[in-house]
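Input: a single structure, listed below in structure tokens.
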Amino acid sequence: MNADERRFEVLRAIVADYVSNQEPVGSKALVERHNLGVSSATVRNDMAALEDDGYIAQPHTSAGRVPTDKGYRLFVDKLSEIKPLSQAERRAIRSFLDGAVDLDDVMRRSVRLLAQLTRQVAVIQVPTLSRAAVRHLEVLPITPSRLMLVLITDTGRVDQRIVELGDVISEEHTAQLRGVLNQAMAGQRLAEASAKVAELPDEVPPNLRDPMLRVATVLIETLVEHPEERLVLGGTANLTRSITDFPGSLRQVLEALEEQVVVLKLLAASRDPGRVLVRIGEENEAAEMRSTSVVSIGYGSRDNPLGGLGVVGPTRMDYPGTMAAVRAVANYVGEILTGR
């Protein structure tokens, strides 16, 4: 191998040891632990070159070196492929997520699982109604003059509304309403569905016009709402296991996570379900997050991106393992929600 390739191998060994042991790495330890195939003097020279180029640094007066943000970036960029999880790990993920009963349960299970797999803070963006299409509308009589509307979207979201009709409606007319509404709305994006529903009171027979007007009014309010985007977080306590990775900044990181707006911005760029995005230290736009790394990806499909998910942790992170876990969980969440 040439000098650049050899120096990268030295950097990779430093990253591996530092992530594992949280101790600055010296040349003697590298020679003892890794089969680098060169002398201690060559390793020392390579470490000096890596330090001059800004890939490693010497903390305080320690004899060892630690990777810098630039060093971690080179390490991540040189990962030729993300090592897939084992069959057992994939089966465990699928089994755990398949047990979810609704969208909120999928979100909660996803962050709990991702936090356990990576031992970092896990975060997932809840799909909003504005991104969804109508899968089905159920119209259920509660009393002879009151209906319940249950709107089910292709993201697995379920939204319920009560309609006061002001007059009695028969089961036959309720069934007619259900049929007309589903014919107009099924498969439509919510904005298009709203426009179609607005036309229905003028298109139905006179005996259905009043109940359809009342139902349409409630439905349009539901369809055109744009709820504030929500996040579900899990594993925040994991950050406290590595306080030394956040000298003087752990409180800022925790406050930024509570704000959610900062994390939503981070996930906003992760809309591609096929690509894991890694932001390291100073690459994070928010000042509060510059002692962290964020590993994120979109979930859903390229044609129908539903949101982003990922983890937040210290820059001293198992990047290959974290990237594999983030991608695997995103794949399964996307399959569950788009297949419901």
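Counting heavy atoms of the protein chains alone, His34 has an accessible area of about 50 Å² for a 1.4 Å probe. Here the Gaussian network model covers the chain, with springs between Cα atoms less than 10 Å apart; of Pro314, Pro127, Pro144, Pro144 fluctuates the most.
Using a Gaussian network for the chain with springs between C-alpha atoms less than 10 Å apart, which of these wobbles most: Tyr18, Tyr299, Tyr319? Taking springs between Cα atoms under 10 Å, the residue moving most is Tyr18. Using θ = phi - 60° in the Karplus curve 6.51 cos²θ - 1.76 cosθ + 1.60, the 3J(HN,Hα) couplings for segment 156-168 round to x, 6, 10, 10, 10, 9, 9, 10, 8, 7, x, 7, 6 Hz; x is entered for Gly and Pro. In this rough spin-label picture, where each label sits 7 Å from Cα along the Cβ direction, the Gln160-Asp104 distance is 1.1 nm. Qualifying GluC sites (Glu not before Pro) in segment 1-95, where qualification requires a DSSP coil assignment and no more than 16 other C-beta atoms within 10 Å, comprise Glu81. Sorted from longest to shortest, the spans of the Cα atoms of segment 7-72 along the three principal axes equal 27, 24, 22 Å. Taking the accessible area of the chain, probe 1.4 Å, and keeping the other protein chains in place, the carbon and sulfur fraction comes to 48%. On full extension, the segment bounded by Phe96 and Thr143 gains 13.0 nm, given 0.36 nm per residue less the C-alpha separation. Local charge for Gln176 was computed over the other residues whose Cβ lies under 13 Å away, with Lys and Arg +1 and Asp and Glu -1, and equals -1. A cut-off under 11 angstrom between Cβ atoms defines the neighbours of Leu239, and their net charge, with Lys, Arg +1 and Asp, Glu -1, is +2. Can you tell me the FRET efficiency between Arg275 and Gln188 if r is taken as the Cβ-Cβ distance and R0 is 30 Å, rounded to the nearest 0.05? For Arg275 and Gln188, the calculated efficiency is 0.55. If R0 equals 51 Å, the separation of the Cβ atoms of Ala3 and Lys265 corresponds to a calculated FRET efficiency of about 0.80.
The values are calculated or read from the model by the stated rules, or taken from the named source; none is laboratory data. These figures come from a predicted structure and were not determined experimentally. Methodologically, a virtual Cβ is constructed for each residue, glycine included, from the backbone with ideal geometry; neighbour enumeration extends over all protein chains shown. What goes into the accessible areas is simple: the full protein's heavy atoms, side chains included, and nothing from ligands, DNA or RNA. Shrake-Rupley method; radii C 1.70, N 1.55, O 1.52, S 1.80 Å.
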